[in-house]
Amino acid sequence: MENSKNLIIVIFGASGDLAARKLMPALFSLKAQNIMPEKYAILGIGRTKITTEEFRKKMITSILSFSEEQISDRNLISDFAKDLYYLSMGDYSTEGFSDLKSFLKVTDGKYGIGGSYIFYLATPPSLFEPIAVNLSKAGLLDRKDGFRRVIVEKPFGYDLESARRLNRLLHKILAEEQIYRIDHYLGKETVQNLLVTRFANGIFEPLWNRNYIDRVEITSAESIGVEERGGYYENSGALRDMVQNHLLQVVGLTAMEPPSSLDANAIRNEVLKVFQSLQPIKEEDVPNQVIRGQYTGSLIRGECVTGYRFEKNVAKDSRTETYVAVKFFINNWRWGGVPFYVRTGKRLPTRVTEIVIHFKQTPHHLFQRVSGRFSSNQLIIRIQPDEGILLKFDMKEPGAGFNVKNVNMDFHYKDLANIRVPSAYERLLHDVMIGDSTLFSRDDEVETAWKFLDPIRRAWQNNPEIKVYGYPAGTWGPEHAKDLIEGEGLDWRYPCKNLADDEVYCEL
Ligand code: BG6
């Protein structure tokens, strides 16, 4: 594995949840695997007024609670903590940035870093602009000796216009290759494995098109509700929170043409072409192609689960969607006429993300299944949990006649190696350190994704008659989502926590 140059990582928003739950444990894991640079320092910046000592203690507690590493040696955490520093910045004003500048100068000299800095914007999006502008004014983005890179957390804008504005602003002070827009789905091993599954195995390519594929279904279900994030979620909803970024990226990798190389731009060019080929959904077609829902209170195994409107910081008459299902088409030679169905929601029966490729039926039905249905094969690519791949196909049941049964052939990622699958943030942070932007969204990808989804939001805004269906927490979302699927008797796949346990009850 490539090691990075010596560097300083500056995390804005370091007193927040993301830093505590994801970023620090990920950086610690990189240290435990010996892939942090030889010399480095990490500076947390936040509004909370605490000292470096207090910050170190807080981060040690976070690592102990959230790290996926087997921590056998507590000294390793203390060793990691000694390179953590903290600076409190009340309002991210210019004054704060001159303190930051002096800190970087002193620390760079003390460690012998050589001028390479990563600035991670893990703050609410309203602060992206003032922080970037002040970094630039302080001269901290000018590349002199080392590199200067900026990581931008999601959400990248809240519609096409705001994403464009943010891109324009960043481009005034940074080159595109200095900007790393995080989409943590791209850091998931199984999402990257999509590329390997498709392009390292010759058997799939001839079948991967409209001639053999009937439809593609992508589900990302969560059993949790909005938890403490009601304030954020009210202005986001499932479409912005999950579809615009994570799920469209999964669509991109599922549908893209083979790239000419593994170069960051070669891959992102192909994903962009998929986004550009998405058939626009007209505002008047939204009721037929998009179903939205919101969870209501229910009793799950004896426990009362709160409805969305009763969550903290959520309006009592909120129409924010906690569930969305969208049907769309990709207008190109490979996919013309093949429907793509994407659904995501909170408070569904289980946590699962998977892609289901439904192959077409045989042109002539010689055999009938015991269930009475005709056969069609499915390839299920499981992103999480029980990561793996499942192929469903028909086999003859032993005995007289030709009774056909649908069976599973499954591969579980955990059988591949006896090692922990690295977390998405580990992978992505390391990629920024070595300057690999393959797994980050490019400006044009983000804008094209917003362009596709904006009409849906506009239709919801302009037409209050479009229903927000209630669904009891712990169910698979509004019944009406079934109506999106073309074809008699067809429905969404019922996914379970364990990949091969289909059609059994899923636990919340
Ligand atoms: C985040 C969303 O980007 O992704 C959350 O803001 C969501 O609402 C999360 O819960 C899902 O990520 P994962 O990795 O748990 O599927």
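The values are calculated or read from the model by the stated rules, or taken from the named source; none is laboratory data. What you are looking at is a predicted structure, and each value in this text was computed from that prediction instead of being measured. As a convention, Cβ positions derive from the backbone with ideal geometry for all residues, glycine included, and neighbour counts pool all protein chains shown. The area values use the complete protein model at the heavy-atom level, side chains included, leaving out ligands, DNA and RNA. Shrake-Rupley method; radii C 1.70, N 1.55, O 1.52, S 1.80 Å.
Before moving on, here are some points about what is shown:
- Pairs where the first residue, in region 180-207, is more than 18 Å from Pro385 (Cβ to Cβ) and the second is of a type in the set (Gly, Ala, Ser) and open to solvent by less than 50 Å² (accessible area, probe 1.4 Å), C-beta under 7 Å, 6+ apart: Tyr180/Ser437; Arg181/Ser441; Asp183/Ser441
- Residue identified as open to solvent by less than 10 Å² (accessible area, probe 1.4 Å) and either of a type outside the set (D, E, K, R) or away from the ligand (no atom under 16 Å from the Cβ) (or both) among Val314, Val324: Val324
Listed here are the residues, each with its yes/no results for (1) closer than 30 Å to Asn462 by Cβ; (2) modelled with pLDDT of 95 or more; (3) not charged (D, E, K, R).
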| residue | (1), (2), (3) |
| --- | --- |
| Glu321 | yes, yes, no |
| Phe340 | yes, yes, yes |
| His364 | no, no, yes |
| Phe367 | no, no, yes |
| Gln384 | no, no, yes |
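- Scanning region 448-465 finds one or more residues that are surrounded by 15 or more Cβ atoms within 10 Å (Cβ to Cβ) and over 30 Å from Leu18 (Cβ atoms).
- Just so you know, in region 331-362 the residues that are part of a loop (DSSP other than H, G, I, E, B) and of a type in the set (A, V, I, L, M, F, W, C) include one that is surrounded by the most Cβ atoms within 10 Å (Cβ to Cβ), and it is Leu348.
- When Val250, Val196, Val216 are checked against the criterion of being more than 9 Å from the ligand (Cβ to nearest atom), open to solvent by less than 10 Å² (accessible area, probe 1.4 Å) and closer than 17 Å to Arg268 by Cα, Val250 stands alone in meeting it.
- Residue match in region 290-301 (condition: away from the ligand (no atom under 16 Å from the Cβ) and outside any strand (DSSP E or B)): yes
- Any hit, region 421-431, residues being of a type in the set (A, V, I, L, M), in a loop (DSSP other than H, G, I, E, B), surrounded by fewer than 18 Cβ atoms within 10 Å (Cβ to Cβ) and within 16 Å of the ligand (Cβ to nearest atom): yes
- Candidates Glu38, Glu2, Glu69 - the one that is more than 14 Å from Tyr120 (Cα to Cα), open to solvent by 40 Å² or more (accessible area, probe 1.4 Å), at pLDDT 90 or above and assigned to a loop (DSSP other than H, G, I, E, B): Glu38
- The residue of region 82-105 that is nearest to Ser15 (Cα to Cα), among those that are hydrophobic (A, V, I, L, M, F, W, C) and not in a strand (DSSP E or B), is Met89.
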